[in-house]
Structure formats: structure tokens, C-alpha cells
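Let me begin by presenting the structure, written as C-alpha cells, before commenting on it.
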Amino acid sequence: MTKMIILAIESSCDDTAASVVEMTDNSRRILSGCVNSQIKTHALYGGVVPEIASREHIEHISAVVKEALDRSGVSLSDIEAVGVTYSPGLIGSLLVGVSFAKSLAFALGVPLIPVEHIKGHAAAAYFTSDTLVPPFLALVVSGGHTSLYSVKTYTEFDEIGSTRDDAAGEAFDKVGRMIGLPYPGGAAMDRLAAEGFEKYPDGIGKIKFPSPAISDGTLDFSFSGLKTFALNLINTECQKHSLKDGKDLPHEVRCCIAAGFTKAITDGIASKLSSAIDMTGYKKIVVAGGVAANSHLRAAAEKCVTEHGAELFIPPVSLCGDNGAMIGAQAYFEYMSDVSAATCLNAFASEDGAQTAAEEGKDGIIRKAAL
Ligand code: KG4
Ligand code: ZN
């Protein structure tokens, strides 16, 4: 049994996160976690401003890592590896985490382990049960992704379905903004929808949002039609009420829009999840990513997975959004699969960029198993 204490860093977007995890072949423990969220800063602009994000990471990363170490009860000399997100994400943000992780690993003389952000999201589910081992089906729903993966081993993910345009989280944020919710609108949309379902079921029934599940036999999604439908609906409602801005619409109307939109997204995702379970035959299903915090999606996933006689592994809400622990968990399994990084590890904004660099042997990643 190989036990490892890993310090992991995540800085791919607007959260500076660090965590210390203790991993073995059959147990996963989070010793600490610390996150500095930049939401308040970016909310002023209605979305993430990449340059500001990089600067905030630079400002906070030392304190976040120190706090994670202090809370973990272990000392720097107990750290046996440093894990870090190197792709995909905002390049300036990723570079801050990668540079910091490199320096720390180098100074401590321990391995540096590169982690893909999406695999990290799925890995958050390992903390829900020590019995979760691949193969399994993973649905990752975040601000940048809505994808279904056949997870063959701890490190091999085959994408079997994805969004052709916006991600679900992006759609939540954009529609939230149209009805006056501050960035990021996902969590506030969740609450507004809950109020809509409870108080105004008749109003919701009158709106027929299009489904984001593409009906062409694939496992792909499209959220742009749903977003345009919401925009047109909000404009029509504004005209009806002689208003200029969706934020001023009556509370009941905003609740019904949030609920109708949430229902369309959760029904669409559950329908593709159902097809994916049928197609793959997997009995272990992981649902992860920032949008997996959505209470309606959690309920829809539970229902769908139970109906298939399968078992759902969904991280607690605290591990759905970006965090260091998920990167620590995946870092352990990457290392166990003989993956580590040289000090020339680079960061990549897109999965395609990372893939091309890997094929050319220019990403700084050492894959012993591939030799
Ligand atoms: O995974 P994440 O923290 O960052 C990315 O990797 O993108 O996901 C952030 C996304 C945002 O779009 C946010 O609005 C959404 O997750 N989100 C939610 C909820 N909580 C966060 N969306 C719907 N309902 C929620 N409760
Ligand atoms: Zn994320």
C-alpha cells in the first residue's frame, strides 16, 4: 500500500486553491483545504477578467498554500509530492499555479505532478467513497465543460459526449445576468428556481424551453438555443411590462424563468446521462464540476441513476467548485500511473494545445508508462 501526502494547487480560473491530501490505494483523506475566491472582484465586470485573475492569484497564492499547510497539521517536510493543474484554463492563471508548484517541488526535492482540470473535477468523487474505482461513467458539468466520459482507468478518460457550444455553467451565468443576478449566477439561479418550483408551478408550465440534449443519437449537448430562447422570452416579458431591463421584471416572472430554464437543463442532462448509462452499461456513475452543486441537477441525477439500478457518486457541494483536494486526488493516481513533470512543465489554455504539445514531447510531462 503506497501512502502519499500531497500538496495540491489549483489556479485555472478565478479561485486560488490549495489542499493537503493523504492518499493510499484504498483510502482518500482531505487533511486541509483553502480557497481564495475572486468572485467579488470579477462580479464588478460581470465575468472573469483574465489579467485581473492572474494578478489576484499572484497576490494570494503564497498565503493560500501556507494556510492549507497550517490547517493540515503536517509540515512542509512531510509533503511527498506537489500536484498542480496545468490545463485547461486561463493561461495567465494557470501559469501562476504551475510556477509556484514547480518552485515548491524543486525546493522540497519532491515530484511535481501535472493534473488536467477536468480529471480533477471527476476525482473529487473519490472522496465520497473509498470503494469508487474505475471503470465508471463521469459527467463533468462546469463553467467551461459539459462532457460525458468513459473513465477506463484512473488516468484514461474517453470523451463520449460534450457540448457543441456553451457549457451548462456558462448558460446559467448568462441567463442569470439577463435577469439581474450578479456573476456567477449559477447558485442564485438555483435558489430562484427552487422558489419558482414551490410557488409558481402554473407559470412555469406555460413556458416551453427547448432541450439542450441534441436528438441525433449522439451524447452531445447544445445550450445556445436555450440561451437565445431565454433572451427572447425576457425581451418579450420586458415589453409586456414596459421595462428596459430583465432585472426589473416582477419577482414571480424571474422565478418562473429561472425554474423553466433549470428544468430544461436538468431534464436535458438527465436524458443524455440515461442514454450514456444504457450505451456503456456502467453501474458506477460520477457527476462532478461546479454545476453539480445545483440542487435540481443533483436530484435529477439521483433519480436517473437509481432508475438504472446504478450507483451515484457525487461530491459534496464544497468539492463541486474548483478546489485543491480534487487536484490532489488525481495527482496521486497520475503518479501511481508513472506520470510526473520536469521543471520545464508548461501550462496550456486548451485541451487541444496540451494534446499537441504532448504529441511533440514538448509539454514537460514525463510518462514512464508510455516508454
Ligand atoms: O467547476 P467550476 O467551479 O469552474 C469551472 O471549471 O468552470 O464551475 C463554475 C460554474 C459557474 O458557471 C457557476 O455559476 C456554476 O458552476 N455553479 C452552479 C451552481 N453553483 C455553481 N450552477 C448551477 N447551480 C449551482 N448551484
Ligand atoms: Zn472547474
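The table below lists the values:
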read-out	value
Some residue of the range 113-121 being more than 15 Å from ligand 1 (Cβ to nearest atom), closer than 24 Å to K368 by Cβ and in contact with a strand residue (DSSP E or B) (Cβ under 9 Å, 6 or more places away or on another chain)	yes
Residue satisfying all of: in the range 128-165; part of a strand (DSSP E or B) and within 13 Å of ligand 1 (Cβ to nearest atom); surrounded by the fewest Cβ atoms within 10 Å (Cβ to Cβ) among these	T163
Test result for F197, under 18 Å from A301 (Cβ atoms) and in contact with a Lys or Arg (Cβ under 7 Å, 6 or more places away or on another chain)	no
Options A187, A193; residue that is surrounded by 24 or more Cβ atoms within 10 Å (Cβ to Cβ) and within 16 Å of ligand 1 (Cβ to nearest atom)	A193
Any hit, the range 1-15, residues being hydroxyl-bearing (S, T, Y) and within 16 Å of ligand 1 (Cβ to nearest atom)	yes
Qualifying residue in the range 171-179 (condition: surrounded by fewer than 21 Cβ atoms within 10 Å (Cβ to Cβ) and under 17 Å from A331 (Cα atoms))	no
Qualifying residue in the range 242-255 (condition: on the phi > 0 side of the Ramachandran plot and crowded, with 24+ Cβ neighbours inside 10 Å)	no
Yes/no for T306 being on the phi < 0 side of the Ramachandran plot, surrounded by fewer than 21 Cβ atoms within 10 Å (Cβ to Cβ) and modelled with pLDDT under 95	no
Unmet requirement for V82, which otherwise passes all of (1) crowded, with 17+ Cβ neighbours inside 10 Å; (2) assigned to a helix (DSSP H, G or I)	(2)
Residue list for the range 101-146, filter: within 24 Å of S27 (Cβ to Cβ) and of a type in the set (D, E, K, R)	E116, K119, D130
Scope the range 149-163; condition in contact (Cβ under 8 Å) with a residue 24 or more places away in the chain and over 17 Å from S337 (Cα atoms); matching residues	Y149, S150, I160, G161, S162, T163
Search result, residues across the range 290-346 that are within 16 Å of ligand 2 (Cβ to nearest atom) and of a type in the set (D, E)	D322
Failed item, numbered, when S99 is tested on (1) more than 16 Å from ligand 1 (Cβ to nearest atom); (2) over 25 Å from A301 (Cβ atoms); (3) buried (at least 22 other Cβ atoms within 10 Å of the Cβ)	(3)
Residue among A125, A105, A68 that is under 15 Å from the mean Cα position of the chain (by Cα), crowded, with 18+ Cβ neighbours inside 10 Å and more than 18 Å from A349 (Cβ to Cβ)	A125
Residue match in the range 266-287 (condition: within 16 Å of ligand 2 (Cβ to nearest atom) and buried (at least 21 other Cβ atoms within 10 Å of the Cβ))	yes
Candidate set: the range 208-226, residues that are crowded, with 18+ Cβ neighbours inside 10 Å and in contact with a Pro (Cβ under 9 Å, 6 or more places away or on another chain); chosen: the one farthest from V140 (Cα to Cα)	L226
Test: residue in the range 151-170 that is within 15 Å of ligand 2 (Cβ to nearest atom) and among the aliphatic types (A, V, I, L, M)	yes
Neighbours by Cβ (under 6 Å, 6+ apart or cross-chain): first from the range 131-148, closer than 18 Å to D267 by Cα; second within 16 Å of ligand 2 (Cβ to nearest atom) and of a type in the set (S, T, Y)	A138/Y149; V140/S147; T146/T163; S147/S162
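The values are calculated or read from the model by the stated rules, or taken from the named source; none is laboratory data. On a predicted model such as this, the values are computed, not experimentally measured, just so you know. Cβ: placed from backbone, ideal geometry, glycine included. Neighbour counts: every protein chain shown.
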